[in-house]
Amino acid sequence: MAYSPRLTDILLKEELEAFGAVLLIGPKFCGKTTTASQIAKSIRFMQDPNEQDTYLQIAELTPSFLLEGENPLLIDEWQMAPQLWDAVRHSVDLRGEFGLYILTGSVTVDETKIKHSGIGRISRLRMYTMSLFESNDSNGTVSIAQLFENPGTALSARSSLRVEDYAHLIVRGGWPNMVGLHEKVVARQIAGYCDLLTKSEIMTVDGVTRDPRKVELFLRSFARHTATQASKATILEDMKHIDKNIHINTLQSYFTAFENLFIIDNLPAWSPRLRSKTTIRFADTLHFTDPAIAAHLLKAFPRDLLFD
């Protein structure tokens, strides 16, 4: 499959010019490894079943051995061996060079396992599923950056997409491997993605075994309140209609887990004025990292979006 250029391509190159290493984070299957592979000159796949046990043993004894290779060296799913963070930071300090390493990860690591934050050495760059411009569904005629840089410039454009098309695109989502597939195939893949979130992926964050039924209940309530400023108390009340035994601490653990998996990505309040009270007084707006997750959990098809 041909590589589709991503906006992150440019951002990643810029960060590598300014830092010794870049941590590329984001939800699984959003294209982190593929994008980083376009720049990397050598790659270490920590989840390679043929090498995984060996890599983990080396990481325990001499993690610097895993940093050998032509730079930039990509270490995929580095969080499997948290010792690599300090090894990378130390290598950057010793060599005093830029663009040495790219780390990719789909889970936030417990910072108690890291001795140094990496500030000034390791940059953090977040990646998302594809925008409509990246998936070639938008012509990209109008640039938001241009609107800010040249506010007095008159810009106009015409989209070839209809409202019906946007409904289909919301339900499809922006995972690179799903773009261009038949709608029924995409629906099955998203269903499988969400099923794994409730049954196994949530355990990868902290190893805690959770009731998949309650996890799904939480996700469905969150989906119902997507793009609103609903409070956690509101979501808890939703869940208690089905299961009265859910505690606020349990709810908070779900929020934390899915934020660490980069599945929940709330939008902070924003105001153009520096001293505005808006950013302090207003709650975040709830969002999943991709709208297709909410659509699936609500069992919303394109027709449902059009007529609701």
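The values are calculated or read from the model by the stated rules, or taken from the named source; none is laboratory data. This structure is a prediction, so every number in the text was calculated from the model and none was measured. Here Cβ is always computed from backbone atoms with ideal geometry, including for glycine, and neighbour counts include all displayed protein chains. Heavy atoms of the whole protein, side chains included, go into the accessibility calculation; ligands, DNA and RNA do not. Shrake-Rupley method; radii C 1.70, N 1.55, O 1.52, S 1.80 Å.
Below are the figures for this structure:
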{"read-out": "Fraction of accessible area attributable to carbon and sulfur, the stretch 1-114 (%, probe 1.4 Å)", "value": "53 percent"}
{"read-out": "Length-normalised contact order for the stretch 50-204 - Cα pairs under 8 Å, 6+ apart - percent", "value": "16 percent"}
{"read-out": "Trypsin sites (Lys or Arg not before Pro) restricted to the stretch 57-136 and DSSP loop, no more than 14 other C-beta within 10 Å", "value": "K115"}
{"read-out": "For the stretch 225-275, projected area of the alpha-carbon convex hull averaged over all directions, nm²", "value": "4.8 nm²"}
{"read-out": "Gyration tensor (alpha-carbon) shape descriptor, the stretch 220-308, a/c threshold 1.5", "value": "oblate"}
{"read-out": "Two-site label geometry, E51 and A2: point separation in nm, points 7 Å out along Cα→Cβ", "value": "3.0 nm"}
{"read-out": "Lysine pairs in the stretch 153-305 with Cα atoms under 17 Å, if 8 or more residues apart or on separate chains", "value": "7"}
{"read-out": "With DNA, RNA and ligands ignored, accessible area of M203 (1.4 Å probe; Å², nearest 10)", "value": "70 Å²"}
{"read-out": "Accessible area per residue in Å² at 1.4 Å probe, computed on the chain", "value": "58 Å²"}
{"read-out": "Residue-wise HN-Hα coupling along the stretch 23-34, computed from phi with Karplus coefficients 6.51, -1.76, 1.60 (Hz; x: Gly, Pro)", "value": "9, 9, 10, x, x, 4, 6, 7, x, 4, 5, 4"}
{"read-out": "Rounded percent of accessible protein surface that carbon and sulfur make up, the stretch 238-308, 1.4 Å probe", "value": "55 percent"}
{"read-out": "Distance in nm between pseudo-label sites at E237 and S42 (7 Å out along the Cβ direction from Cα)", "value": "5.9 nm"}
{"read-out": "Cβ-derived FRET efficiency at R0 22 Å, L147 paired with R273, nearest 0.05", "value": "0.80"}
{"read-out": "Loop trypsin sites (Lys or Arg not before Pro), the stretch 131-176, which have at most 13 other Cβ atoms in a 10 Å radius of their Cβ (DSSP)", "value": "R158, R162"}
